[in-house]
Amino acid sequence: MLKLPEVLTEIGMSRAAFYRMRARGQAPRLVKLPNGHLRVRRNDLDDWLSSLDTPAY
């Protein structure tokens, strides 16, 4: 499971932009741990990134 800062670095996005996308339902699913920390499963991030693949013509 990846920490949110790791995810943001990997996708090159600010925290604010990520949360805007999340509010619109367009971001990978977050998992809230019992201690309140947020994580993203590697599978969820990879699937989300794959879903963004659109040819640029």
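Data for the structure
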quantity: Filtered residue count, the stretch 27-57, keeping only those that are closer than 18 Å to Leu2 by Cα, open to solvent by less than 90 Å² (accessible area, probe 1.4 Å) and not basic (Lys, Arg); calculated: 14
quantity: Residue within the stretch 3-22 that is open to solvent by less than 50 Å² (accessible area, probe 1.4 Å), touching a Pro at 6+ places or on another chain (Cβ under 9 Å) and either on the phi > 0 side of the Ramachandran plot or not in a helix (DSSP H, G or I) (or both) present; calculated: no
quantity: Pair list, Cβ < 9 Å and 6+ apart or interchain, from the stretch 21-41 residues that are in contact (Cβ under 8 Å) with a residue 12 or more places away in the chain to residues that are open to solvent by 90 Å² or more (accessible area, probe 1.4 Å) and of a type in the set (Gly, Ala, Ser); calculated: none
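The values are calculated or read from the model by the stated rules, or taken from the named source; none is laboratory data. Note that the structure is predicted; figures quoted are calculated from it, not measured. Here the Cβ is made from the backbone with ideal geometry for all residues, glycine too, and neighbour counts use every protein chain on show. These accessible areas exclude ligands, DNA and RNA; they are computed on the full protein's heavy atoms, side chains included. Shrake-Rupley method; radii C 1.70, N 1.55, O 1.52, S 1.80 Å.
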